[in-house]
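Laboratory data are not the source of any read-out in this text; all were calculated from the coordinates shown. Since the model is a prediction, treat every value here as computed from it, not as a measurement. FYI the Cβ positions are ideal-geometry reconstructions off the backbone, even for glycines, and counts take in every protein chain you see.
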Amino acid sequence: MSRKVSKAVFPVAGMGTRFLPATKSIPKEIMTLVDQPLIQYAIDEARAAGIEEFIFVTSRGKSALEDYFDGAPILEAALEKKGKTKLLEALRKSDMDSGAIAYVRQREALGLGHAVWCARRLIGDEPFAVLLPDDVITGEVPCLQQMVEAYQETGGSMVAAMEVPQEKTSSYGVLDIAEDHGSIVGVKGMVEKPAAEDAPSNLAVIGRYILSPNVLENLNAKKVGAGGEIQLTDAIDQEIGGDGVYGYRFRGQRFDCGSKDGYLQATVAFGLQREELREEFTEFLRDYVQMRDAAE
Ligand code: UTP
């Protein structure tokens, strides 16, 4: 099977309950880091990795996401008329070519595995990427691009992995390691959200995957796993005896923007990365912490 990865699935049908009440009317993926919605960071990363087809698994209440990728002729004309070329450039970043983007609906939030399965007809019989937009990853080489390069060596299925504190394993899928080659890890088992004492390692799966189409067949069984959800991890785990499953320790920093603390940390980190904001924002943070410490 060819190892070209040209399609990516973005499962965005979750309810985002950790951000209620905001997510009652705003999809989590539209929440912004500085001035870009979370979804834009994931799209940029996918593009850098050579992805050409973008498949969104959406649900009721996510129309703001679809609108975001539409053209905005009135806004563009207004900016053009005022000569605001920089803003125009920023706006055009969100444009997607006609036909490059497709939407399927997940009628019920039955879990991440089920969401990916909903895209099966659009994926077909080829390897594909999955990106969870609430995991935002910074790094010199975008995470998915690193994985696509490593995948040319391994084939099979690959999950992004990072070390987490042992007491946090119950929030992640965790890898049982067969062989550790540094950035590439051979996997002999995967456990979804194990208690710290049952976790086979502290190497956790995070939201980037390159998957064999066999995983979609495994999902046909709609097996319910941890938390009463159809888990993607379980369907990947079934591939271990077949073409193999590999963990990839990416180079970069991951922010869990699906949680409040991760989102706030990312806001600070991305704010500090912006040249036009850095000086004033750093000063504000320094003064604010000093002031708060003095008041305590
Ligand atoms: P999360 O576990 O973060 O769930 O899903 P959530 O609903 O987005 O957020 P909380 O936990 O209620 O706050 C991880 C990813 O899987 C997608 C989500 O949209 C998110 O990108 N997902 C999850 C689906 O698309 N469908 C599902 O049934 C579950």
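Helix 38-48 and the long axis of the chain differ in direction by around 70°, with both axes built from C-alpha atoms.
Comparing Cα centroids, the range 1-37 and the range 199-253 end up 19 angstrom apart. Highest-first packing order for the peptide set 283-296, 203-216 is 203-216, 283-296, based on the mean count of other beta carbon atoms within 10 Å.
For the pair the range 39-115 and the range 125-177, the centres of their Cα atoms are 23 angstrom apart.
Here the chain carries DSSP beta bridges of which approximately 65% are antiparallel, counting only pairs with both residues inside.
Projecting label points 7 angstrom from Cα along Cα→Cβ for Met1 and Glu279 puts them 5.4 nm apart.
Order of 251-259, 274-282 by packing, highest average Cβ count within 10 Å first? Before the final figure, lay out the partial values.
Values: 251-259: 18.0, 274-282: 10.8.
Per-residue Cβ counts within 10 Å, averaged per peptide and sorted highest first, yield 251-259, 274-282.
Run the numbers on the chain and let me know its relative contact order in percent, using alpha-carbon pairs under 8 Å that are six or more apart. If you can, show how the numbers build up before the last one.
Working: 539 pairs, mean separation 64.9, N = 296.
Relative contact order for the chain comes out at 22 percent.
Which length gain, in nm to one decimal place, applies between Leu272 and Asp97 when the Cα-Cα distance is subtracted from 0.36 nm times their residue separation? Please report the intermediate quantities before stating the final value.
On the way: separation 175, 0.36 × 175 = 63.00 nm, distance 3.17 nm.
In short, 59.8 nm is gained.
Full extension of the chain segment joining Glu52 with Lys188 gains 45.8 nm, where the gain is 0.36 nm per residue of separation less the Cα-Cα distance. Within the straight-line cut-off of under 13 Å between alpha carbons, the aspartates and glutamates reachable from Lys223 are Asp234, Asp237, sequence neighbours fewer than 8 places apart in one chain being disregarded.
Highest average first, the peptides 260-270, 114-124 ordered by how many other beta carbon atoms sit within 10 Å of their residues are 114-124, 260-270.
In whole percents, the pair-distance distribution calculated for the range 124-214 from its alpha-carbon pairs, binned every 10 Å from zero, is 16, 48, 32, 4. Taking 0.36 nm per residue of separation and subtracting the Cα-Cα distance, full extension of the segment from Lys260 to Asp44 would add 75.5 nm. Which entries of Lys168/Lys188; Lys7/Lys84; Lys62/Lys93; Lys4/Lys24; Lys7/Lys28 have Cα-Cα distances beyond 30 Å here? Among Lys168/Lys188; Lys7/Lys84; Lys62/Lys93; Lys4/Lys24; Lys7/Lys28, the Cα-Cα distance tops 30 Å for Lys7/Lys84; Lys4/Lys24.
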